[in-house]
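Asks: One structure, pasted below without further comment.
The values are calculated or read from the model by the stated rules, or taken from the named source; none is laboratory data. This is a predicted model, so every value here is computed, not measured. With ideal geometry, Cβ positions are generated from the backbone for all residues, glycine too; neighbour counts draw on all protein chains shown.
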Amino acid sequence: MFAKLPPVTRALLIANAVVFLLQWVAGESALGVALESMQLWPLSSGDEYGAPSFWPWQLVTYGFMHGTFGHLFFNMLALVMFGSQVEHQWGQRRYATYYFTCVIGAAICQLAVGYVTMAMGGEAYPTVGASGGIFGLLLAYGMLFPHQRVMLLIPPVPMKARTLVIVYGVVELFMGITGTMPGVAHFAHLGGMLFGWLLIRHWRRRPPTRGGRGPRPRMRIVS
């Protein structure tokens, strides 16, 4: 199954797994300190707040880091199930462009939220995870295959892909506004979906560079 994954999805899967392994073995070593600077830190963080500073590369590197194995597992599961189908449909270049646009867009939204939070006296904390890109892929899947039926893991409820996107978007917005599940970057997830939607809208104004449709996907299981 791994060998049959399209190349960009497979490369992203390997990169995320390798970085997580480095995080696990680094601990408090010099490597661990270096990896800490790859996390996405707020714009106002730094020595004044006792936290690392923001650097431009963090807009991308944070998307390869994860806090726990469960965080990594579910993101990579969604990457394989949704990302592989989107890559088959779009091709490698467009797929990679879209994914990293969503990752960067999610980071921009999270930086804005972090700036406001710290201006109100909040603490500086880093953001990690590929979830911004994953939520962008979920949106793309729902737009490419709106009537494809998918099934949640918890609860095991089948629904159309388009419905799944709407449900996830509404839930993330509600949790972000109400502060439900603190420690989860809900607005970063929404940012990944927003920037993905904007890019798809831009592309749809121009003829696609790759004709034909990919294979019809089967039912998918998502968390």
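Asks: If we scan the stretch 43-59, do we find a residue that is touching a helix residue (DSSP H, G or I) at 6+ places or on another chain (Cβ under 9 Å), at pLDDT 95 or above and not polar (S, T, N, Q)?
Replies: yes
Asks: Let me ask something else. Given (1) over 14 Å from the mean Cα position of the chain (by Cα); (2) crowded, with 22+ Cβ neighbours inside 10 Å; (3) within 22 Å of TRP197 (Cα to Cα), identify the lone condition not met by VAL103.
Replies: (1)
Asks: Between residues in the stretch 93-114 that are within 16 Å of PHE82 (Cα to Cα) and residues that are aromatic (Phe, Trp, Tyr) and surrounded by 23 or more Cβ atoms within 10 Å (Cβ to Cβ), which pairs lie under 6 Å by C-beta distance while being six or more apart or on different chains?
Replies: Listed by first residue and then by second, the contacts come to CYS102/PHE195.
Asks: Among (1) in contact with a His (Cβ under 6 Å, 6 or more places away or on another chain); (2) free of Cβ contacts under 8 Å to residues at least 40 places away in the same chain; (3) not β-branched (Val, Ile, Thr), which single condition is GLY142 missing?
Replies: (1)
Asks: Shifting gears a bit: Regarding the stretch 40-51, can at least one residue be identified that is among the aliphatic types (A, V, I, L, M), within 27 Å of LYS160 (Cβ to Cβ) and surrounded by fewer than 20 Cβ atoms within 10 Å (Cβ to Cβ)? I'd like the intermediate steps shown before the answer.
Replies: Just the residues of the stretch 40-51 that are among the aliphatic types (A, V, I, L, M), to begin with: 40, 43, 51.
Then drop every residue that is not within 27 Å of LYS160 (Cβ to Cβ), which leaves none.
Within the stretch 40-51, none of the residues are among the aliphatic types (A, V, I, L, M), within 27 Å of LYS160 (Cβ to Cβ) and surrounded by fewer than 20 Cβ atoms within 10 Å (Cβ to Cβ).
Asks: Kindly provide the set of residues from the stretch 170-196 that are more than 19 Å from HIS71 (Cα to Cα) and touching a residue at least 24 places away in the same chain (Cβ under 8 Å), ordered by number. Walk me through how you get there before you give the answer.
Replies: First, pick out the residues of the stretch 170-196 that are more than 19 Å from HIS71 (Cα to Cα): 170, 173-174, 177-179, 194-196.
Within the stretch 170-196, LEU194, PHE195, GLY196 qualify.
Asks: Which of the residues spanning the stretch 13-30 are surrounded by 13 or more Cβ atoms within 10 Å (Cβ to Cβ) and either among the small types (Gly, Ala, Ser) or under 13 Å from MET65 (Cβ atoms) (or both)?
Replies: ALA15, ASN16, ALA17, VAL19, PHE20, LEU22, GLN23, ALA26 - these are the residues of the stretch 13-30 that are surrounded by 13 or more Cβ atoms within 10 Å (Cβ to Cβ) and either among the small types (Gly, Ala, Ser) or under 13 Å from MET65 (Cβ atoms) (or both).
Rundown of residues vs (1) within 25 Å of PHE73 (Cβ to Cβ); (2) modelled with pLDDT under 85; (3) not in a helix (DSSP H, G or I), yes/no style:
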| site | (1), (2), (3) |
| --- | --- |
| GLY132 | yes, no, no |
| PHE135 | yes, no, no |
| PRO146 | no, no, yes |
| LEU164 | yes, no, no |
| ILE177 | no, no, no |
| VAL184 | yes, no, yes |
| MET193 | yes, no, no |
| GLY214 | no, yes, yes |
| PRO217 | yes, yes, yes |
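Asks: From the list GLY91, GLY122, which residue is at positive phi and surrounded by fewer than 21 Cβ atoms within 10 Å (Cβ to Cβ)?
Replies: On the way: GLY122 fails: at positive phi.
Criteria check complete, one pass: GLY91.
Asks: To continue, here is another question. Considering only residues that are over 22 Å from ILE177 (Cα atoms) and of a type in the set (Ser, Thr, Tyr), which ones fall in the stretch 67-115?
Replies: The answer is THR68, SER84, TYR95, THR97, TYR98, TYR99, THR101.
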